[in-house]
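The values are calculated or read from the model by the stated rules, or taken from the named source; none is laboratory data. Remember, it's a predicted structure, so these values are computed and weren't measured experimentally. Note that each Cβ is placed from the backbone with ideal geometry, even for glycine, and that neighbours are counted across all protein chains shown. Side chains included, ligands, DNA and RNA excluded: accessible areas come from the protein's heavy atoms. Shrake-Rupley method; radii C 1.70, N 1.55, O 1.52, S 1.80 Å.
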Amino acid sequence: VQLQASGGGLAQAGGSLRLSCAASEDILSSYLVGWFRQAPGKEREFVASISRIGRIPYYASSVKGRFTISRDNAKNTVYLQMNSLKPEDTAVYYCAATARDTDYSGRYYDYDYWGQGTQVTVSS
């Protein structure tokens, strides 16, 4: 299983970007999918996840109300819509997936498959 993250780039503070996570196989509809990010010199942190059943979203407090995670099973893709971006959102963003039977996990080691990361840079 391979995950491909895309959509990163440069945005101004207050702007928006949409990240996409596409899978090589038809698995995302039956997997918990999460987004994590890692800024230089910092640990990888949870951003958002969406459950495989019910499409239940969970968000880190730092992005709640600004980011929206969604999935399109027909396209085997999970999206992260990022609005009202802040300079502190600058990081490499990774999507990840797991078949673990849970609606949520914010722990990176619970995820089995990872995309390659996409850089998001927010200027002030």
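Below are the figures for this structure:
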{"quantity": "Under 13 Å from the Cα of Lys75 - aspartates and glutamates, other chains or at least 8 residues apart", "calculated": "Glu25, Asp26"}
{"quantity": "Rg/Rh for the chain, where both radii come from Cα atoms and Rh is the Kirkwood radius", "calculated": "0.94"}
{"quantity": "Heavy-atom accessible surface of the chain: percent carbon and sulfur, 1.4 Å", "calculated": "45"}
{"quantity": "Surface accessible to a 1.4 Å probe, per residue, for the residues of the range 75-124, Å²", "calculated": "48"}
{"quantity": "FRET efficiency, 1/(1 + (r/R0)^6) with R0 41 Å, evaluated for Ser123 and Ala74 via beta carbons", "calculated": "0.70"}
{"quantity": "Sequence-distant residues sharing a close amide H with Gly9 (under 5 Å, placed H)", "calculated": "Val120, Thr121"}
{"quantity": "Contact order relative to length of the chain, as percent, for alpha carbon pairs under 8 angstrom and 6 or more apart", "calculated": "37"}
{"quantity": "Rounded to the nearest 20 debye, dipole of the chain from Cβ charges on Lys, Arg, Asp, Glu", "calculated": "300"}
